[in-house]
1. Might you let me know whether the range 179-197 holds any residue that is assigned to a helix (DSSP H, G or I), buried (at least 22 other Cβ atoms within 10 Å of the Cβ) and small (Gly, Ala, Ser)?
2. From the residues in the range 254-284 that are hydroxyl-bearing (Ser, Thr, Tyr) and surrounded by 17 or more Cβ atoms within 10 Å (Cβ to Cβ), which one is farthest from Ser195 (Cα to Cα)?
3. Does the range 132-139 include one or more residues that are buried (at least 20 other Cβ atoms within 10 Å of the Cβ) and part of a strand (DSSP E or B)?
4. Which residues, taken from the range 78-108, are more than 16 Å from Ala127 (Cβ to Cβ) and not polar (S, T, N, Q)?
5. So Glu173 fits all but one of (1) touching a residue at least 24 places away in the same chain (Cβ under 8 Å); (2) in a loop (DSSP other than H, G, I, E, B); (3) more than 26 Å from Gly18 (Cβ to Cβ); what number is the exception?
6. Which one of these is surrounded by fewer than 20 Cβ atoms within 10 Å (Cβ to Cβ), among the hydrophobic types (A, V, I, L, M, F, W, C) and in contact with a Leu (Cβ under 8 Å, 6 or more places away or on another chain): Phe303, Phe362?
7. Can you name every residue in the range 240-253 that is surrounded by fewer than 21 Cβ atoms within 10 Å (Cβ to Cβ) and at negative phi?
Amino acid sequence: MNKSIIIGHGETMRVIGGNKVFIIAEIGKNFIQTKENRPLSEYLNNAKKLIDAAIYAGVDAVKFQTHELEDEQLDIPITSPHFKGSDRYNWIKRNMEATPFEFWKELSEYSKQKGILFFSTPMSKKAAQKLEKIGIPLWKIGSGDVDDYLMLDFVSKTKKPIIISSGMVSLNELEDVIRFVRKNNSQLGLLYCVSQYPCPKEAFNLGTIEYFIEKYPDIVIGFSDHSITDEASLSAVKMGAKIIEKHFTLDRGFWGSDHKVSLLPEEMKNLVFNIRSKNYQGIDTSLYYGNKSQELEGANNMFRPYFKKALVASRELKIGDIIKSEDVYSMRPRMYIGGLPSFEYPNILGKKVGRNLRKYEFINWDMLE
């Protein structure tokens, strides 16, 4: 049986794993629902409505996404194929401006009052630092940030449980990530994920869940599902998944990046009921199984060029400066930045700068001594 993740203690203790499936409503940025900007009070009200709807559906946790533009996305014109409504820089800028520190603090308190677990996916180290001040109980690292070792180093040292998604990594990359995180953290969750929006039936390879369970018996294995039906999630549960994460919205017609791949409240309630009632036992998993020994789809995922990060200087650096953690940002999009990929972060610490670097200038080996 998979290891359990323990969050908190006493009356507030939560368990992820064991005999119960832990169900997450991924609200993400779905509190943004219109193309035009709206008042912060409206975004906060939308977020609370989504939390209330998730509670109605019976999920175990609500999850959002937290951005800090300064150390996440360079001002380079690039639009992701999954959302043509905005370029990445301005979409992230809007998300950050819509969610000041007080936004997250109030949502955290609101969720506590309502009795549901609240957390958020940090999209950069600075975003993680903001969430740490609020006191979120665990970390979820999205597919595009799984090999951002700068952020992984920070979150793993908090000793809080970490759940990672596999949507944009190869098997070897994933193994390296798990090895790195395990240096500081023993409570891990791993979600099989296909980063397509929405994900068609033929793209799933749920046999990977069995592979993960066999390879990582001390990690809680789950499934992050980007389809808009129950079948894939129910198949995953039948195959042993102990975490199910599904995008969640009040209306798939709203404007934004993820509404179209999200479940509605009644649909989420139905999924929760089918999982809790073990109605997945009659599901034909062969329709989603695939080949458990094949390479992860994430090795060649189409979104890698848009979401992978490169290492850049976080400030002006002078010849002879010794690189410390605070001297580096891990920024998107690597395909336009150049320089070292974010997973090289541990290898540049302590190196001497061989020439002057401007803030946001990419870092390469020939610039270091």
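1. no
2. Checking each candidate, the answer is Tyr280.
3. Yes, some residue in the range 132-139 is buried (at least 20 other Cβ atoms within 10 Å of the Cβ) and part of a strand (DSSP E or B).
4. Ile78, Pro81, His82, Phe83, Lys84, Gly85, Asp87, Glu106
5. Answer for Glu173: the failing condition is (2).
6. Answer to the selection: Phe362.
7. Within the range 240-253, Leu250, Asp251, Arg252, Gly253 qualify.
Let's see how each residue does on (1) over 18 Å from Asn274 (Cα atoms); (2) outside the structural domain of Ser257 (by TED's automatic domain parsing); (3) within 21 Å of the chain's Cα centre (by Cα):
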{"residue": "Ile5", "(1), (2), (3)": "yes, yes, yes"}
{"residue": "Val21", "(1), (2), (3)": "no, no, yes"}
{"residue": "Phe31", "(1), (2), (3)": "yes, no, yes"}
{"residue": "Ser41", "(1), (2), (3)": "yes, no, no"}
{"residue": "Ala47", "(1), (2), (3)": "yes, no, yes"}
{"residue": "Leu50", "(1), (2), (3)": "yes, no, yes"}
{"residue": "Asp60", "(1), (2), (3)": "no, no, yes"}
{"residue": "Phe64", "(1), (2), (3)": "yes, no, yes"}
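The values are calculated or read from the model by the stated rules, or taken from the named source; none is laboratory data. Since we're looking at a predicted model, the values are computed, not measured. Note that we place each Cβ from the backbone using ideal geometry, even for glycine, and neighbour counts take in every protein chain shown.
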